[in-house]
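Some notes on the structure that comes next.
The values are calculated or read from the model by the stated rules, or taken from the named source; none is laboratory data. Keep in mind the model is a prediction, meaning the values are calculated, not measured. Because the Cβ atoms are built from the backbone with ideal geometry, glycine has one as well, and the counts that use them run over all protein chains shown.
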Amino acid sequence: MKFYNSKIDGVAGGQTEVAIRQFQKANDLIADGICGKKTWEELIRQATATTETNETITLKLDKKAAKVL
């Protein structure tokens, strides 16, 4: 999941929207740039999958759901 390559600043701006659209296109989702229910489900599904090194990656949202912690 390498769609966002900029510094993480906690702001869901234009680069975030582009990254969301790219992720959506790559995963056969409607590419609207909005991180709705289906997009979140796919992000979480992929992020919690076991990696090749058997590490588990988990996404957590802050209270405003504006950034991934």
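Within the stretch 4-28, restricting attention to residues that are of a type in the set (A, V, I, L, M) and touching a Gly at 6+ places or on another chain (Cβ under 8 Å), the residue that is nearest to Lys38 (Cα to Cα) is Ile20.
Yes or no, residue by residue, for (1) among the hydrophobic types (A, V, I, L, M, F, W, C); (2) in contact with a Lys or Arg (Cβ under 9 Å, 6 or more places away or on another chain); (3) modelled with pLDDT under 80:
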residue	(1), (2), (3)
Met1	yes, no, yes
Ser6	no, no, no
Gln15	no, no, no
Asp28	no, no, no
Thr39	no, no, no
Ile44	yes, no, no
Glu52	no, no, yes
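Residues that are out of contact with any Leu (no Cβ under 9 Å at 6 or more places or on another chain) and either crowded, with 18+ Cβ neighbours inside 10 Å or touching a residue at least 24 places away in the same chain (Cβ under 8 Å) (or both) within the stretch 22-32 comprise just one, Gln24.
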